[in-house]
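Take a look at the structure below.
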Amino acid sequence: MTGELSMSQKPKNRYLKHVKTKKQEIKISEKEKELLERYTEQKEDVELTADEATVLEILNKRKTVMMITLEINVGLEPLGKPPKTDNEIRTILNKLHDKEQVKAVTGGDGQVYWVDVKHFRKKLLGTDKL
């Protein structure tokens, strides 16, 4: 036994001690509460088709119809499925808009961008720009 300590010979660390933590209260202004209440009235149990669910998954940031179409078609090509057209994507987006799942936002460049309502809710408090 050269240079190794057995379990009974290892020194015990006397400097470690348990630290108790306190929960902090979250402070939200009345204006923020009103905004959150307005947007939490969203229906959570909306039935979606496969195409609608796919479009929602793609909308993690604001995107134009052309951006969404390109991203969907990249995924459809390896599966041997026919590509979607811009008009088909617009139809899907309008159905999702009717179900209050997506929102159309006009950007500073004048283009119409589509964004997931849940993503839009997170950005409402001003932490990030859409």
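The values are calculated or read from the model by the stated rules, or taken from the named source; none is laboratory data. Here the structure is a predicted model, which means the values were calculated and not measured. FYI the Cβ positions are ideal-geometry reconstructions off the backbone, even for glycines, and counts take in every protein chain you see.
Within region 19-30, residues that are part of a loop (DSSP other than H, G, I, E, B) have Cβ atoms under 9 Å from residues that are among the polar types (S, T, N, Q) and surrounded by 10 or more Cβ atoms within 10 Å (Cβ to Cβ) in no pair, counting only partners at least 6 apart in sequence or on another chain.
Does Gly108 satisfy the criteria of being of a type in the set (Gly, Ala, Ser), more than 20 Å from the chain's Cα centre (by Cα), modelled with pLDDT of 85 or more and loosely packed, with under 14 Cβ neighbours inside 10 Å? Talk me through it step by step, then tell me what you get.
Values: of a type in the set (Gly, Ala, Ser): yes; more than 20 Å from the chain's Cα centre (by Cα): yes; modelled with pLDDT of 85 or more: no; loosely packed, with under 14 Cβ neighbours inside 10 Å: yes.
Here the answer is no, as Gly108 does not meet what is asked.
If you go through region 90-111 one residue at a time, how many are assigned to a helix (DSSP H, G or I), of a type in the set (A, V, I, L, M) and either in contact (Cβ under 8 Å) with a residue 40 or more places away in the chain or out of contact with any Phe, Trp or Tyr (no Cβ under 9 Å at 6 or more places or on another chain) (or both)? Working first, answer last.
Initial filter on region 90-111 (assigned to a helix (DSSP H, G or I)): 90-98.
Now narrow it down to the ones that are of a type in the set (A, V, I, L, M): 92-93, 96.
Okay, now just the ones that are also either in contact (Cβ under 8 Å) with a residue 40 or more places away in the chain or out of contact with any Phe, Trp or Tyr (no Cβ under 9 Å at 6 or more places or on another chain) (or both), so 92, 96.
Result for region 90-111: 2.
Applying a threshold of 8 Å to beta carbon distances and a minimum spacing of six or more residues, or different chains, the list of pairs starting in region 46-64 at a residue that is more than 19 Å from Thr85 (Cα to Cα) and ending at one that is in a loop (DSSP other than H, G, I, E, B) and of a type in the set (Asp, Glu) reads Val46/Glu100. Is there a residue in region 31-41 that is surrounded by 10 or more Cβ atoms within 10 Å (Cβ to Cβ), modelled with pLDDT of 70 or more, acidic (Asp, Glu) and touching a helix residue (DSSP H, G or I) at 6+ places or on another chain (Cβ under 6 Å)? There is no residue in region 31-41 that is surrounded by 10 or more Cβ atoms within 10 Å (Cβ to Cβ), modelled with pLDDT of 70 or more, acidic (Asp, Glu) and touching a helix residue (DSSP H, G or I) at 6+ places or on another chain (Cβ under 6 Å).
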